[in-house]
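Note sheet for the following structure.
The values are calculated or read from the model by the stated rules, or taken from the named source; none is laboratory data. Bear in mind that the values here come from a model prediction, so they are computed numbers and not experimental data. We place every Cβ from the backbone using ideal geometry, glycine too, and count neighbours over all the protein chains shown.
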Amino acid sequence: MRSILAALAATALFAAPALAQTEAPAGQYVVDRTHATVMWKGLHQGLAWYPARFTNFDIQLTFDPADVTKSKVTATIDPKSIETDFARTRAAGNTTDFNAELATGERFFNAGKFPQITFASTAVTKTGANTGKMTGNLTFLGVTKPVTLDVTYIGNRNDPRVKKHKIGFQALGTINKTQWGMAPGGPIADNVQIEIHAEFVQK
Amino acid sequence: MRLLLLLTTLVLAACALSADPTPEALRSLPAGAWQLEKPHASLTFRVKHLGLSYYTARFADFDATLDFDPANPAAAKLTAIVNPMSVRTDHPTDAGWDAQLGGSLLGGNQFPQITFESTRVETTGETTGRVTGNLTLRGVTAPVTLDITYNGGMDRAVLYQGRAAVGFSAKGKLSRSAFGLTQYASFVGEEVEILIEAEFTKR
């Protein structure tokens, strides 16, 4: 009987509407990698957008609900963790490791020489009740340039399973990869879309 | 010898390195059967997780055929087959999660294929359209509509050994309970968004 009541209570908690943004406690949060996606898409020869994602990354968030413009984000991405699913789609007999080519190729992420992609926010502005713009310095291939992402706050709730607060976001942006030194005019067009979906858990 | 070199240069010059996004290029594509270029196609779906963020996953193993006459787009036919066991979530710690998701939730243990067969195609603009068809998932068949955008076409694609190529982006939404997907209802939103990027070449 007690376990049924507990299950019902848990369901009710999860079914409850998300608390308002200002009710997420201030402080340090870390990305929950089980519930996060860091991906990019590039237009391939004008035909279709080619997506790839990084599966190993860390994102730290300092969240200030009283003034979200004081919030800070830093991220570290392992370029060797790039995943394209090419191995599942290549023709029989094709042994190309396209993930490795993108990760370590000098024309691409050159991970042997530049083992980390990093981001550090420099400014956050609010554009609406649940939206904002986050500008920061993105570093890869040894080059640091500013990027601005359109951020949407999606929700926050206390996760009773871990007794910690969680906040969720979506961040979208476009970068011109030639600004970081990638050659223009290749099979992937210069303007690459960045798409991040992330849940953060209180530290 | 010189003539051969000249002819080769002319043929290669006639081959396109990047697709033409104009409606004229779409209309000039050859009619008939087209085959999906698997390494340049992606099938992603996402659901709202705990009201916090979009949980994203992809299928790495799927195929599609398209019968398409640009002079009569409403007569086009699209079929697709997806292997539910090819779902990829990049779970950072649970190596068995993809098999559980694909085999149990997505029905792969009982139904080795998820299939789609178009029943109606409408044009909504010079380079946009809507495809409605029957999706069969977990053995349940229900209609799904995809909004399609033509990105570009090439009469002779260098990448594809001189075959004609065309690329589309497509988006759709479905209600997971329409397919009996009621597990994890308290964690996962009802609506599933489908995002497709696909390159086809002329058979």
Provide a single number: the residues in segment A:123-135 that are closer than 30 Å to A:Gly186 by Cβ and free of Cβ contacts under 8 Å to residues at least 40 places away in the same chain. 2
Residue check, B:Ser118 within 14 Å of chain A (Cβ to nearest Cβ) and touching a strand residue (DSSP E or B) at 6+ places or on another chain (Cβ under 7 Å): no
May I ask you to list the residues in segment A:59-112 that are among the basic types (Lys, Arg), without any contact (Cβ under 8 Å) to a residue 12 or more places away in the chain and not in a loop (DSSP other than H, G, I, E, B)? A:Arg88
Exception for A:Gly112 within (1) surrounded by 18 or more Cβ atoms within 10 Å (Cβ to Cβ); (2) farther than 30 Å from B:Ala19 by Cα; (3) small (Gly, Ala, Ser) falls at (1)
A:Ala183 passes all but one of (1) modelled with pLDDT under 95; (2) buried (at least 18 other Cβ atoms within 10 Å of the Cβ); which number fails? (2)
Going through B:Arg130, B:Arg120 one at a time, which residue ends up being part of a strand (DSSP E or B) and within 14 Å of B:Ala170 (Cβ to Cβ)? B:Arg130
Members of segment A:84-93 that are at pLDDT below 95 and at negative phi: A:Ala87, A:Arg88, A:Thr89, A:Arg90, A:Ala91, A:Ala92
Residue check: is B:Ala142 facing chain A (nearest Cβ under 10 Å) and out of contact with any Pro (no Cβ under 6 Å at 6 or more places or on another chain)? no
Against the definition (away from chain B (no Cβ under 11 Å), part of a loop (DSSP other than H, G, I, E, B) and more than 20 Å from A:Phe54 (Cβ to Cβ)), how does A:Ala129 come out, yes or no? yes
What number of residues in segment B:150-174 are within 20 Å of the chain's Cα centre (by Cα) and either within 9 Å of chain A (Cβ to nearest Cβ) or surrounded by fewer than 17 Cβ atoms within 10 Å (Cβ to Cβ) (or both)? 13
Over 30 Å from B:Phe62 (Cα atoms), modelled with pLDDT of 95 or more, away from chain B (no Cβ under 14 Å) and under 15 Å from the mean Cα position of the chain (by Cα): is that true of A:Ser71 in this structure? no
When you scan segment A:68-119, how many residues do you find that are within 30 Å of B:Gln35 (Cα to Cα) and aromatic (Phe, Trp, Tyr)? 3
Using the structure shown, decide if A:Ala36 is within 14 Å of chain B (Cβ to nearest Cβ) and at pLDDT below 95. no
So, in segment A:38-50, exactly how many residues are touching a residue at least 24 places away in the same chain (Cβ under 8 Å) and assigned to a strand (DSSP E or B)? 9
Scanning segment A:147-203 for residues that are aromatic (Phe, Trp, Tyr) and within 21 Å of B:Asp90 (Cα to Cα), which turns out farthest from the other protein chains (Cβ to nearest Cβ)? A:Phe200
Only one of (1) more than 14 Å from every other protein chain (Cβ to nearest Cβ); (2) over 15 Å from the mean Cα position of the chain (by Cα); (3) in a strand (DSSP E or B); (4) free of Cβ contacts under 8 Å to residues at least 40 places away in the same chain fails for B:Ser177. Which number is that? (3)
Counted residues in segment B:180-203 being in a strand (DSSP E or B) and more than 8 Å from chain A (Cβ to nearest Cβ) come to 12
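For (1) under 14 Å from A:Tyr50 (Cβ atoms); (2) away from chain B (no Cβ under 14 Å); (3) touching an Asp or Glu at 6+ places or on another chain (Cβ under 6 Å), each residue gets a yes or a no:
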{"site": "A:Ser81", "(1), (2), (3)": "no, no, no"}
{"site": "A:Asp85", "(1), (2), (3)": "yes, no, no"}
{"site": "A:Thr89", "(1), (2), (3)": "yes, no, no"}
{"site": "A:Ala92", "(1), (2), (3)": "no, no, no"}
{"site": "A:Thr96", "(1), (2), (3)": "no, no, no"}
{"site": "A:Ala100", "(1), (2), (3)": "no, yes, no"}
{"site": "A:Gln116", "(1), (2), (3)": "no, yes, no"}
{"site": "A:Phe119", "(1), (2), (3)": "no, yes, no"}
Can you tell me which residue within segment A:51-68, out of those that are away from every other protein chain (no Cβ under 11 Å) and among the aliphatic types (A, V, I, L, M), is nearest to A:Val31 (Cα to Cα)? A:Ile59
